[in-house]
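Following: one structure in structure tokens, then a few remarks.
The values are calculated or read from the model by the stated rules, or taken from the named source; none is laboratory data. Bear in mind the structure is a predicted one, so any value in this text is a computation, not a measurement. Every residue, glycine as well, gets a Cβ built from its backbone with ideal geometry; the counts of neighbours run over all protein chains shown.
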Amino acid sequence: MSQEEDLDVLDLLFSFTSDTDLTHASYNIGVFLCSTCASIHATIGTHISKVKHLNFDHWEESQVERLKQVGNAAAKQKYEQRVPNWLQRPRE
Ligand SMILES: [Zn+2]
């Protein structure tokens, strides 16, 4: 196993950003979330976004892998592609 594969979800977060507001992640979409966005994602439902706390939930290797593969920058590009300019975008 390479050193990179040993990264757990928190190491992965800190490899991307030092933003300590990010406390959750959606493991099917592959993005890190702050607690405000995490509750919005939870309201939408688990058929759209599956949210876990970075510290308090157990993370499967494949879920960490998904976050590693997608990440906030790539997800932003994909999902905000058709968002009109006048609409407020999420900060992260
Ligand atoms: Zn947020």
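Could you run through the range 54-68 and say how many residues are within 11 Å of the chain's Cα centre (by Cα) and among the polar types (S, T, N, Q)?
First, the residues of the range 54-68 that are within 11 Å of the chain's Cα centre (by Cα): 54, 63-64, 66-68.
Narrowing further to those that are among the polar types (S, T, N, Q): 63.
Residues that pass the stated criteria total 1.
I'm trying to understand the selection: among the residues of the range 47-71, which are free of Cβ contacts under 8 Å to residues at least 40 places away in the same chain and under 11 Å from residue 30 (Cβ atoms)?
Passing the criteria: 49, 50, 65, 66, 69.
Which one of these is touching a His at 6+ places or on another chain (Cβ under 8 Å) and away from the ligand (no atom under 13 Å from the Cβ): 78, 52?
On the way: 78 fails: touching a His at 6+ places or on another chain (Cβ under 8 Å).
Checking each option against the conditions leaves just 52.
Which members of the range 47-89 meet the condition of being assigned to a loop (DSSP other than H, G, I, E, B) and surrounded by 16 or more Cβ atoms within 10 Å (Cβ to Cβ)?
Residues satisfying the conditions are 49, 50, 54, 59, 70.
Every residue in the range 10-45 that is among the hydroxyl-bearing types (Ser, Thr, Tyr) and exposed (fewer than 15 other Cβ atoms within 10 Å of the Cβ), please.
15, 17, 18, 20, 35, 36, 39, 43
Residue check: is residue 36 more than 16 Å from the ligand (Cβ to nearest atom) and either closer than 13 Å to residue 90 by Cβ or at pLDDT 95 or above (or both)?
no
Kindly evaluate residue 47 against the criterion of being at pLDDT 95 or above and within 12 Å of the ligand (Cβ to nearest atom).
Judged against the criteria, residue 47 is not a match.
Quick one: in the range 11-33, which of the residues that are among the hydrophobic types (A, V, I, L, M, F, W, C) and in a strand (DSSP E or B) is nearest to the ligand (Cβ to nearest atom)?
Restricting to residues being among the hydrophobic types (A, V, I, L, M, F, W, C) and in a strand (DSSP E or B), the top hit is 33.
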